[in-house]
1. What list of ³J(HN,Hα) couplings, whole Hz, do you get for the range 54-61 from phi and the Karplus terms 6.51, -1.76, 1.60, once you set θ to phi - 60° and write x for glycine and proline?
2. Tabulate in residue order the Karplus-calculated ³J(HN,Hα) for the range 9-18, using 6.51 cos²θ - 1.76 cosθ + 1.60 with θ = phi - 60°, rounded to whole Hz; enter x for Gly and Pro.
3. Using a Förster distance of 25 Å, how high is the FRET efficiency between HIS80 and ARG2, based on the Cβ-Cβ distance and rounded to 0.05?
4. Mind checking the range 1-48 for trypsin sites (Lys or Arg not before Pro) that DSSP puts in a loop (not H, G, I, E or B) and that have at most 16 other Cβ atoms within 10 Å?
5. Under a Cβ-only charge scheme (Lys and Arg +1, Asp and Glu -1), can you give me the dipole magnitude of the range 1-72 about the Cα centre, in debye to the nearest 20?
6. Normalised by the number of residues in the range 17-82, what is the relative contact order in percent for Cα pairs under 8 Å and 6+ residues apart?
7. Does the range 17-82 come out rounded, prolate or oblate, given a ≥ b ≥ c as the square roots of the eigenvalues of its C-alpha gyration tensor, rounded meaning a/c under 1.5 and, failing that, prolate meaning a/b above b/c?
8. Rounded to the nearest 10 Å², what accessible area does VAL60 have for a 1.4 Å probe in the complete protein model?
Amino acid sequence: MRSEGKFYDDKNFPRGFNRSGVFTISETSVLENYGRSMRALFDGTTQPIDESEVQFLAEVQGQQQAVSEFGKCWLKYLNHTTHKTRSYTLCVSQRAHTTGSYGDDDDSDSGTDNDLDY
């Protein structure tokens, strides 16, 4: 695989591939060093010049199973940049104040003293 300079994706990984928590150190190295070539081959703007690039194209187009480091890495990159990921949050709502909670006095003699003799 040929290298055409450093590859960065500031839109999807603004802090870099290595700080994203998605890629391993070796995958980060592959993306940074060969990402421009892999993107050009995948987009069709560059034609493959050797067997490794032909194999890469077959792997990323689904014609064969990804076995090369380049194919696996690019498919992982595509999976994280093209598929929408769902994020879930937990919401807590306030309970309505009900009668009979702590602090309410349910005694029958609260308020009046009818049983006292005068």
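1. Working through the residues one at a time gives 5, 5, 4, 4, 4, 5, 6, 8 Hz.
2. 10, 5, 5, 8, 9, x, 9, x, 5, 5
3. Computed FRET efficiency for HIS80 and ARG2: 0.55.
4. Answer by residue number: ARG2, LYS6, LYS11, ARG15, ARG19.
5. 340 debye
6. With pairs under 8 Å counted, the relative contact order is 25 percent.
7. Prolate is the answer for the range 17-82, as a/c is 1.5 or above and a/b outweighs b/c.
8. VAL60 exposes around 20 Å² with every protein chain in place.
The values are calculated or read from the model by the stated rules, or taken from the named source; none is laboratory data. Keep in mind that this is a model prediction, so the values were computed, not measured. Every residue, glycine among them, receives a Cβ derived from its backbone with ideal geometry; neighbour counts consider all protein chains shown. For accessibility, only protein heavy atoms count, side chains too; no ligands or nucleic acids. Shrake-Rupley method; radii C 1.70, N 1.55, O 1.52, S 1.80 Å.
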